[in-house]
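These notes are about the structure you will find just below.
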Amino acid sequence: MIVIKTSKEIEYMQESGRIVALAHEEIRKAIKPGVTTGELDQIAEAIILANGATASFKGYHGYPASICASVNNQVIHGIPGGIVLKEGDIVSIDIGAFKNGYHGDAARTHPVGKVDEKALELIKVTEESFFEGLKYCRVGYRLSDVSHAIQKYAEERNFSVVRDFVGHGIGRLMHEDPPIPNYGAPGRGPRLEKGMALAIEPMINIGDFKVKVLDDEWTVITKDGSLSAHYENTVIITDEAPIIITCSKSEVT
Ligand code: MF3
Ligand code: CO
């Protein structure tokens with residue numbers, strides 16, 4: 001069942017989203033060769049707590065950290081720790097904040113220092129594929145119109161779309177209905193309605209779409225070892241344009 005949010009609930013979600021965006025901004029500034037993913041986790045957690053929120057991910061099904069930090073061929077759910085970022089890496093940071101009973105959730109992939117052209121293109125296309133999907137985040141479209149737009153955009157540029165993990169509704173729970181695949185035929189699934197809150201999160205690979213989970217039972221990597229990028233925002237469906245609640249003003253493209 002998809003929970004429709006009231007305007008008061010959306011206000012609460014906007015506050016959680018603002019904190020997620022703030023944490024992402026600070027992390028972006030901190031990413032450089034030599035920093036560890038554990039240090040990035042500390043930075044994000046401090047901001048989340050200082051703003052009266054808690055980290056949505058910490059303790060979620062036993063997840064041990066506040067953020068996910070997934071390096072290079074790691075797709076999602078990388079556990080922050082001793083990994084030292086080095087020039088040429090790319091790192092996907094996923095952050096969730098919970099305040100007043102509501103979650104916000106967003107992810108970004110960043111280059112570390114100077115990275116090669118193909119990696120930069122992957123990051124850019126992943127972000128752009130989200131905004132392609134966003135065009136369909138309006139009353140009158142159906143959910144799979146969003147999914148289809150993302151897939152089409154990424155595949156036309158010769159990247160592949162991860163199938164095994166998907167976006168999700170969000171609100172009182174971090175994961176609510178509906179599941180939001182980043183692939184599929186258009187014109188299917190629920191009709192979008194005012195008050196839906198959706199975490200849309202394309203995960204895009206340079207090589208094949210197949211992934212596997214490491215022995216730590218969290219880290220998801222590409223099976224072929226190719227680079228992967230992730231871009232996610234929490235989006236509110238309205239009568240008019242959708243509202244992205246997890247983008248800071250300086251970031252809006
Ligand atoms: N943004 C991710 C998601 O939507 C975050 C989950 S990480 C977890 O699933 F550790 F909390 F599982
Ligand atoms: Co999410």
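Determine the shape class of the chain: with a ≥ b ≥ c the square roots of the Cα gyration tensor eigenvalues, call it rounded for a/c under 1.5, and otherwise prolate if a/b is greater than b/c, oblate otherwise.
On the way: a/c = 1.66, a/b = 1.16, b/c = 1.44.
It is oblate, given that a/c is not under 1.5 and a/b is not larger than b/c.
Please find, in a Gaussian network model of the chain (springs between Cα atoms separated by less than 10 Å), the residue of Asp239, Asp145, Asp94 whose mean-square fluctuation is greatest.
Evaluated over the chain, the most mobile residue of the options is Asp239.
If each residue of separation counts as 0.36 nm, what is the full-extension length gain between Tyr60 and Lys124 once their alpha-carbon separation is subtracted?
Values: separation 64, 0.36 × 64 = 23.04 nm, distance 2.97 nm.
Gain on stretching Tyr60 to Lys124: 20.1 nm.
Is the shape of the range 76-204 rounded, prolate or oblate, going by the alpha carbon gyration tensor and its root eigenvalues a ≥ b ≥ c, with a/c under 1.5 for rounded and a/b larger than b/c for prolate?
Values: a/c = 2.51, a/b = 1.31, b/c = 1.91.
Oblate, since a/c reaches 1.5 and b/c is not below a/b.
What residue among Glu128, Glu87, Glu25 shows peak mean-square fluctuation when the chain is described by a Gaussian network model with Cα springs under 10 Å?
Glu87
Looking at the square roots a ≥ b ≥ c of the eigenvalues of the Cα gyration tensor of the range 23-116, which shape do they give, rounded for a/c under 1.5, prolate if a/b is larger than b/c, or oblate? Intermediate results must be reported in sequence, preceding the final value.
Numbers: a/c = 2.07, a/b = 1.75, b/c = 1.19.
It comes out prolate by the Cα gyration axes.
Rounded to the nearest 10 Å², what accessible area does Lys118 have for a 1.4 Å probe in the complete protein model?
Rounded to the nearest 10, the figure is 90 Å².
For the range 172-253, what is the convex hull (Cα atoms) projected area averaged across all directions, in square nanometres? Don't skip to the end; give the middle numbers.
Numbers: hull surface 31.5 nm².
Result: a mean projected hull area of 7.9 nm².
Rounded to the nearest percent, how much of the accessible area of the chain (1.4 Å probe, protein heavy atoms only) is carbon and sulfur?
Details: 5790 of 10830 Å².
That share works out to 54 percent.
Report, ordered by chain and residue number, the lysines lying within cross-link reach of Lys124, taken as a straight Cα distance under 28 Å and ignoring same-chain residues fewer than 8 apart.
Within the straight-line limit of under 28 Å, Lys124 reaches these lysines: Lys29, Lys32, Lys86, Lys114, Lys135, Lys152, Lys210, Lys212, Lys223, Lys249.
Reachable aspartates and glutamates from Lys99, Cα under 15 Å, same-chain residues fewer than 8 places away excluded?
Glu9, Glu11, Glu15, Glu45
For n ≥ 4 DSSP H runs only, could you compute -39500 (n - 2.57) per run for the chain, divide by its residues and tell me the 222 nm figure to the nearest 500?
On the way: 4 runs with 70 residues, N = 253.
The per-residue figure over the chain is -9500 deg cm²/dmol.
May I ask you to derive the FRET efficiency for Arg142 and Val84 from their Cβ-Cβ distance with R0 = 45 Å, giving the value to the nearest 0.05? Display every interim value, and only then the final one.
Values: r = 45 Å, r/R0 = 1.00.
Taking R0 as 45 Å, the efficiency between Arg142 and Val84 is 0.50.
Kindly report the accessible area of the chain per residue (heavy atoms of protein chains, probe 1.4 Å, no ligands, DNA or RNA), in Å². Show your work: numbers first, answer last.
Details: 10830 Å² over 253 residues.
Per-residue accessible area for the chain comes out at 43 Å².
Multiply the residue gap between Ala46 and Ile4 by 0.36 nm, knock off their C-alpha separation, and tell me the result in nm, one decimal place.
Working: separation 42, 0.36 × 42 = 15.12 nm, distance 3.13 nm.
Contour length minus the Cα-Cα distance gives 12.0 nm.
In debye, nearest 20, what is the charge dipole magnitude of the chain about its Cα centre with +1 on Lys and Arg Cβ and -1 on Asp and Glu Cβ, if you could check? Could the numbers behind the result be given before it?
Working: 27 positive and 35 negative charges, 77 e Å.
For this selection, approximately 380 debye.
Which residue, chosen from Ile93, Val235, Ile43, occupies the Cα position most advanced towards the positive end of the dipole of the chain, where the dipole is computed from +1 (Lys, Arg) and -1 (Asp, Glu) charges on Cβ about the Cα centre?
Highest projection toward the positive end goes to Val235.
The values are calculated or read from the model by the stated rules, or taken from the named source; none is laboratory data. Remember, predicted model here, so these are calculated numbers, not experimental data. All Cβ positions, even for glycine, are placed from backbone atoms using ideal geometry, and neighbour counts span all protein chains on display. Quick note on the areas: whole protein, heavy atoms, side chains included, nothing else; ligands and nucleic acids left out. Shrake-Rupley method; radii C 1.70, N 1.55, O 1.52, S 1.80 Å.
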